[in-house]
Amino acid sequence: MLGHGTPFTYAVLAILAVFSIFSIAIALSKRSAFSAARTADARFVRAFRKANSLETVVAAAENFRPAPLVRIFDAGYLEASRQLTSHRRLTNKEAISRSLQIAISEQLSRFEHNLNWLATTASVSPFIGLFGTVLGIIRAFGQLGSAGSTSLSSVGPGISEALIATAVGLVAAIPAAIFYNLFGRQLKEMGDRFDNFALEFMNMVERSAGE
């Protein structure tokens, strides 16, 4: 069916192939990143809950350094340690909370990076394929008129060639849509996990300050 394709047909298929390849590469990368982060965070949280002081957590955090929660802990601990070192008590809990929220936002943005490509692939690819199909059908009917024949055998090959673009567009779009929705749910779960950890961190800070 592609043997008699035009340069335009090949260009459309090449664009769809690029969208598909990039979306699959991003999906595999994000799947690995989310899985590794979830495992590392779970291990760090267990160590965090077993610790009885911030200093103990700081020492243990070095063993879980790739975990996103470790970076959030570092941001909160930096602000808390400044207050405890200078005043021996917490003088501004809101500053610690803001530091935690900024770190949470940075981590979520890091994991959200490139997800918009999946959304773009899912929404645009079917239309690119349809565009290629429409122009292919126009060309097929134009050739049909020139040949002066109305038989299915005359128009069938051209239409089947044109429909390939739509099929390829759907092949590119469907996995991208599935992975985008999947990672969206995982990103929400990650945000909830980060928020819960921030609350636990504040509890530990207050205990360490003797409040």
statement: In region 63-87, anything within 30 Å of Leu28 (Cβ to Cβ) and either surrounded by fewer than 14 Cβ atoms within 10 Å (Cβ to Cβ) or of a type in the set (A, V, I, L, M, F, W, C) (or both) is listed as Asn63, Phe64, Arg65, Pro66, Ala67, Leu69, Val70, Ile72, Phe73, Ala75
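Residue by residue through region 159-211, note down the ones that are of a type in the set (Ser, Thr, Tyr) and either in contact with a Gly (Cβ under 9 Å, 6 or more places away or on another chain) or at pLDDT 90 or above (or both). Don't jump to the end; show me each part of the working.
Here is the first cut: in region 159-211, the residues of a type in the set (Ser, Thr, Tyr) are 160, 166, 180, 208.
Answer for region 159-211, where residues must be of a type in the set (Ser, Thr, Tyr) and either in contact with a Gly (Cβ under 9 Å, 6 or more places away or on another chain) or at pLDDT 90 or above (or both): Thr166, Tyr180.
Residues are listed down the side, and each one gets a yes or a no for (1) touching a Gly at 6+ places or on another chain (Cβ under 6 Å); (2) more than 21 Å from Ser105 (Cα to Cα); (3) surrounded by fewer than 16 Cβ atoms within 10 Å (Cβ to Cβ):
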| site | (1), (2), (3) |
| --- | --- |
| Val18 | no, yes, yes |
| Phe22 | no, yes, no |
| Val45 | no, no, no |
| Ala61 | no, no, no |
| Arg89 | no, yes, yes |
- prompt: Which residues, taken from region 62-99, are closer than 22 Å to Ala36 by Cα and at pLDDT 90 or above?
  reply: Ala67, Pro68, Leu69, Val70, Arg71, Ile72, Phe73, Asp74, Ala75
query: Is there any pair with a first residue in region 100-129 that is over 12 Å from Ala176 (Cβ atoms) and a second that is surrounded by 19 or more Cβ atoms within 10 Å (Cβ to Cβ) and among the polar types (S, T, N, Q) whose Cβ atoms are under 9 Å apart and which are 6 or more apart or on different chains, and what are they?
result: Gly129/Thr166
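Is it true that Phe8 is aromatic (Phe, Trp, Tyr) and within 30 Å of Ala140 (Cβ to Cβ)?
Numbers: aromatic (Phe, Trp, Tyr): yes; within 30 Å of Ala140 (Cβ to Cβ): yes.
Criteria met by Phe8.
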task: Note down all Cβ pairs under 7 Å where the first residue falls in region 183-205 and is over 16 Å from Leu115 (Cα atoms), the second is surrounded by fewer than 20 Cβ atoms within 10 Å (Cβ to Cβ) and hydroxyl-bearing (Ser, Thr, Tyr), and they're at least six residues apart or on different chains.
output: Met202/Ser97
task: State all residues of region 170-211 that are of a type in the set (Gly, Ala, Ser) and in a helix (DSSP H, G or I); if no residue qualifies, say none.
output: Ala172, Ala173, Ala176, Ala177, Gly184, Gly191, Ala198, Ser208
statement: Counted residues in region 100-158 being among the β-branched types (Val, Ile, Thr), modelled with pLDDT under 95 and farther than 27 Å from Tyr10 by Cβ come to 1
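The values are calculated or read from the model by the stated rules, or taken from the named source; none is laboratory data. Only a predicted model underlies this, so the values are computations on that prediction, with no experimental measurement involved. Methodologically, a virtual Cβ is constructed for each residue, glycine included, from the backbone with ideal geometry; neighbour enumeration extends over all protein chains shown.
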